[in-house]
Amino acid sequence: MTPDRLRAALRDVPDPQWLDAALRRVATEPTAIQRLFATAARRCGREPLADPPGWTVDEAARTLLLTALPADHATAAGSLYRHGDAAEKRAVLRALPLLPIGAACVPLLHDAVRTNDTRLIAAALGPYARHLEQPAWRQAVLKCVFTGVPLAVVDDLAGRADGELAAMLAALAAERYAAGRTMPADAIDLLDRLGAGSHPTTPMEA
């Protein structure tokens, strides 16, 4: 994802002049982002974007506002996340991979994964999750399984999934089947790809 791609996706927003002016203002008056970030959905819309898939108009507009800042991206992202509503928090999480912040905003991922908001969890497992240490990343993947977030949203799942994650998923599967519950199909598929060996495929009798 790039800012240019997001800008192209927003060429037909209801008020393109507002967005252009907002981006210019943020570049010269960074503190203005607090107000502009909050009003972006009302001025630009909330509809899903066809490209890039999975994004909404307000998420793209808010991401562009963050990328337009001249400096202190991590500080601004943290403030906007802490004080934002759920949609604003998701936009911050979406923006993180495009900001020059290194691993400074990893605490925002931890916070998002602790919630039960499935859209926040999904946003946290995007490309910026490469900065999560492996134990925390494994727990985040398990949280996806617990909350029903499709594993397809997890960036680089195939590259990072390891034997320890397979063991954790197999243990969860055994617990669920012992209780007469099933595992999501995508979690079972991941277990199969990881070569976790035999695991229950039908609920076990109590």
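Key figures
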read-out	value
Global form of segment 1-85, assessed from the alpha-carbon gyration tensor, a/c cut-off 1.5	prolate
Acute angle (nearest 10 degrees) that the helix 86-95 long axis makes with the longest principal axis of the chain, alpha-carbon atoms	90
Cα-based helix-to-principal-axis angle, 16-28 vs the chain, degrees rounded to 10	90
On Cα atoms only, tilt of 73-83 relative to the major axis of the chain in degrees	70
Share of carbon and sulfur in the accessible heavy-atom surface of segment 1-81 [1.4 Å probe, %]	51
Cα-based shape type of segment 125-194, given that a ≥ b ≥ c are square roots of the gyration tensor eigenvalues and the cut on a/c is 1.5	prolate
Extension gain from Ala87 to Glu47, taking 0.36 nm per residue of separation minus the Cα-Cα distance	13.2 nm
Accessible area (Å², 1.4 Å probe, nearest 10) - Lys143	40
Reported label for calculated P(r) over Cα pairs in 10 Å bins from 0, in percent given (1) 8, 32, 35, 20, 5, 0; (2) 8, 36, 40, 15, 1; (3) 8, 32, 29, 17, 10, 3, 0	(3)
Cα-based shape type of segment 84-206, given that a ≥ b ≥ c are square roots of the gyration tensor eigenvalues and the cut on a/c is 1.5	prolate
Value of [θ]222 nm, deg cm²/dmol, for the chain, DSSP H segments ≥ 4, -39500 (n - 2.57) each, nearest 500	-17500 deg cm²/dmol
Segment 94-191: GluC sites (Glu not before Pro) falling in loop per DSSP and having at most 15 other Cβ within 10 Å	Glu133
Cα centroid of segment 26-43 to Cα centroid of segment 103-123, whole Å	23
Accessible area of the chain divided out per residue, in Å², using a probe of 1.4 angstrom	49
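The values are calculated or read from the model by the stated rules, or taken from the named source; none is laboratory data. Bear in mind that the values here come from a model prediction, so they are computed numbers and not experimental data. Positions of Cβ are generated from backbone atoms using ideal geometry, with glycine treated the same way; all protein chains shown enter the neighbour counts. To get the accessible areas, we keep the full protein, side chains included, count just its heavy atoms, and leave off ligands, DNA and RNA. Shrake-Rupley method; radii C 1.70, N 1.55, O 1.52, S 1.80 Å.
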